[in-house]
């Protein structure tokens with residue numbers, strides 16, 4: 001029991017941990033993990049992924065998405081987004097999606113972490129944070145996945161593109177656009193603007 005009490009000192013409330021983290025501090029990792037879950041010190045989020053609950057006046061706070069995904073990927077190079085982010089562009093999209101997309105360099109597929117499901121998509125390039133230019137390009141890359149009427153949505157994208165900074169949008173198209181997006185934005189930006197790639 002003394003070993004478990006000592007082990008508990010390594011876990012900070014609100015933080016996520018991999019089994020490999022616990023193994024650095026324990027000489028009986030599986031037995032200790034069972035004990036830590038039994039007394040509520042840790043909760044299991046997925047295979048080999050654990051969370052130290054952070055108590056609040058409303059109960060235990062869930063793990064932050066950023067920490068959860070970073071622990072799962074063992075990498076902080078990712079971008080969290082959602083189709084709901086497109087609504088900020090004023091494209092007339094009104095659907096609400098219960099989905100978090102993770103652009104990253106390692107994992108592809110849908111994974112349940114804790115009580116939430118994340119859609120991991122491997123991408124060679126994505127920005128450090130969401131920008132209107134990136135989101136506009138991302139709409140075109142993904143419009144067939146959306147519930148909105150594609151024809152209406154793309155017409156609104158074209159109108160929105162004409163109001164944006166031309167160079168900023170062109171750079172986003174070159175860096176993050178698929179073939180469909182490059183072809184779509186060519187008439188708006190001019191063929192010569194998209195002639196070189198990242």
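The values are calculated or read from the model by the stated rules, or taken from the named source; none is laboratory data. Please read all numbers here as calculations on a predicted model, not as lab measurements. Heads up, the Cβs are rebuilt from the backbone with ideal geometry, glycines too, and the neighbour counts pull from every protein chain shown.
Taking strands (runs of 3 or more DSSP E) as the structural unit, those lying wholly within segment 46-106 and holding at least 2 residues that are touching a residue at least 60 places away in the same chain (Cβ under 8 Å) correspond to 49-51. I'd like to know if segment 140-162 contains one or more residues that are surrounded by 16 or more Cβ atoms within 10 Å (Cβ to Cβ) and more than 19 Å from residue 92 (Cβ to Cβ). No, segment 140-162 contains no residue that is surrounded by 16 or more Cβ atoms within 10 Å (Cβ to Cβ) and more than 19 Å from residue 92 (Cβ to Cβ).
State all residues of segment 1-24 that are touching a residue at least 24 places away in the same chain (Cβ under 8 Å) and touching a strand residue (DSSP E or B) at 6+ places or on another chain (Cβ under 9 Å); if no residue qualifies, say none.
Step one: list which residues in segment 1-24 are touching a residue at least 24 places away in the same chain (Cβ under 8 Å), which gives 3-4, 7-8, 11-20, 22.
Scanning segment 1-24 gives 11, 12, 13, 14, 15, 16, 17, 18, 19, 22.
Among the numbered conditions (1) touching a residue at least 60 places away in the same chain (Cβ under 8 Å); (2) surrounded by 17 or more Cβ atoms within 10 Å (Cβ to Cβ); (3) under 30 Å from residue 37 (Cβ atoms), the only one that residue 112 does not meet is (2). All conditions but one from (1) on the phi > 0 side of the Ramachandran plot; (2) in contact with a helix residue (DSSP H, G or I) (Cβ under 6 Å, 6 or more places away or on another chain) apply to residue 90; the one that does not is (2). Of the residues making up segment 1-14, those that are farther than 22 Å from residue 111 by Cβ and part of a loop (DSSP other than H, G, I, E, B) are 1, 9, 10, 11, 12, 13. Sort out which residues of segment 15-45 are under 20 Å from residue 75 (Cβ atoms) and not in a strand (DSSP E or B), and write them in order of number. Correct list: 15, 19, 20, 21, 22, 23, 24. Can you tell me which residue is nearest to residue 116 (Cα to Cα) among those in segment 25-45 that are surrounded by fewer than 15 Cβ atoms within 10 Å (Cβ to Cβ) and in contact with a strand residue (DSSP E or B) (Cβ under 8 Å, 6 or more places away or on another chain)? So the residue we want is 44. In segment 182-198, the qualifying residues are those that are modelled with pLDDT of 75 or more and assigned to a helix (DSSP H, G or I), and the one that is surrounded by the fewest Cβ atoms within 10 Å (Cβ to Cβ) is 187.
Scanning segment 116-134 for residues being modelled with pLDDT of 95 or more and surrounded by 12 or more Cβ atoms within 10 Å (Cβ to Cβ) gives a total of 13.
Is at least one residue of segment 134-151 in a helix (DSSP H, G or I), over 25 Å from the mean Cα position of the chain (by Cα) and not assigned by TED's automatic domain parsing to the domain that holds residue 50? The answer is yes, given that some residue of segment 134-151 is in a helix (DSSP H, G or I), over 25 Å from the mean Cα position of the chain (by Cα) and not assigned by TED's automatic domain parsing to the domain that holds residue 50. Scanning segment 47-63 for residues that are at pLDDT below 90, in contact with a helix residue (DSSP H, G or I) (Cβ under 9 Å, 6 or more places away or on another chain) and surrounded by fewer than 17 Cβ atoms within 10 Å (Cβ to Cβ) yields a count of 2.
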